[in-house]
Amino acid sequence: MTARMSALRYARALLDVALAEADPVTVDLQLAAAAELFKGHAGLWKVMTNPAVPAPKKRAIVDTLLPQLELIPVVQKTLQLLASRDRIALLPDICEAYRDRLMDHQKVVRASVTSAAPLPADRVKKLEQELAGITGRKVVMTSAIDPSILGGVVTRIGSTVWDGSVKRQLEKIREKLVASSQ
């Protein structure tokens with residue numbers, strides 16, 4: 001089984017437990033903070049991901065850190081389980097997978113919008129509302145600037161892309177002209 005698949009299984013199980021025993025959003029925040037702690041300290045990360053260090057020693061390190069972190073029991077048990085099974089290296093992937101599953105549970109979708117120039121706040125809000133109407137979910141949107149699209153916007157939700165850029169419209173016109181001249 002790949003690391004990504006393992007992370008997805010841990011994330012699914014963690015969300016199930018969090019929904020039953022804790023606040024899933026708190027679990028998300030604390031899990032991300034724990035992942036940042038491990039990844040942010042190169043020496044700690046190196047020890048926790050080194051296969052030569054036995055799992056009981058990794059568990060002892062986690063047990064030493066837990067009182068200082070003030071985590072809820074669900075997150076504590078998750079970190080202890082990962083350390084005991086020598087799976088702390090999966091923590092960043094578990095965080096990402098957990099957040100994706102939590103957003104799906106909350107009926108929230110991520111969207112990215114690329115425009116040639118910064119969009120005014122009222123236009124961004126209107127675009128979020130239109131996307132929410134299309135998807136039937138709450139939309140969390142990120143914006144990017146790409147002057148090469150010349151104008152308009154390119155919107156992505158998952159694998160779906162709505163390309164309303166001037167650049168794409170010009171490409172379509174060129175394709176039609178080339179096709180009609182043959």
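All of the numbers you see were taken from the coordinates with simple rules; none came from a lab. As the structure is a computational prediction, the values presented were derived from the model and not from experiment. We place every Cβ from the backbone using ideal geometry, glycine too, and count neighbours over all the protein chains shown.
Data table
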| item | result |
| --- | --- |
| Beta bridges per DSSP with both ends in the chain, % antiparallel, nearest 5 | 50 |
| Reachable lysines from LYS46, criterion Cα separation under 25 angstrom, eight or more residues apart if same chain | LYS57, LYS58, LYS77 |
| Taking the stretch 3-104 and dividing mean pair separation by its residue count, relative contact order in percent (alpha carbons under 8 Å, at least six apart) | 50 |
| Debye, to nearest 20: dipole size of the stretch 107-181, +1 on Lys, Arg Cβ, -1 on Asp, Glu Cβ | 200 |
| Label point at THR26 placed 7 Å out along Cα→Cβ; residues across the stretch 71-91 whose backbone nitrogen lies under 18 Å | 71-80 |
| Simple spin-label estimate for ASP146 and ARG4 in nanometres, 7 Å along Cα-Cβ | 2.1 |
| Charge dipole magnitude, Cβ of K and R +1, D and E -1 - the stretch 3-104, Cα centre, debye nearest 20 | 520 |
| Label-point separation, THR64 to SER180 (7 Å along Cα→Cβ), nm | 7.5 |
| Tensor-based shape of the stretch 3-104 (alpha-carbon gyration tensor, a/c under 1.5 rounded, otherwise prolate or oblate) | prolate |
| Spatially close lysines, pair count over the stretch 107-181: Cα under 17 Å, gap of eight or more or interchain | 4 |
| ASP163 paired with ARG123, simple spin-label distance in nm, labels 7 Å along Cα-to-beta-carbon | 2.0 |
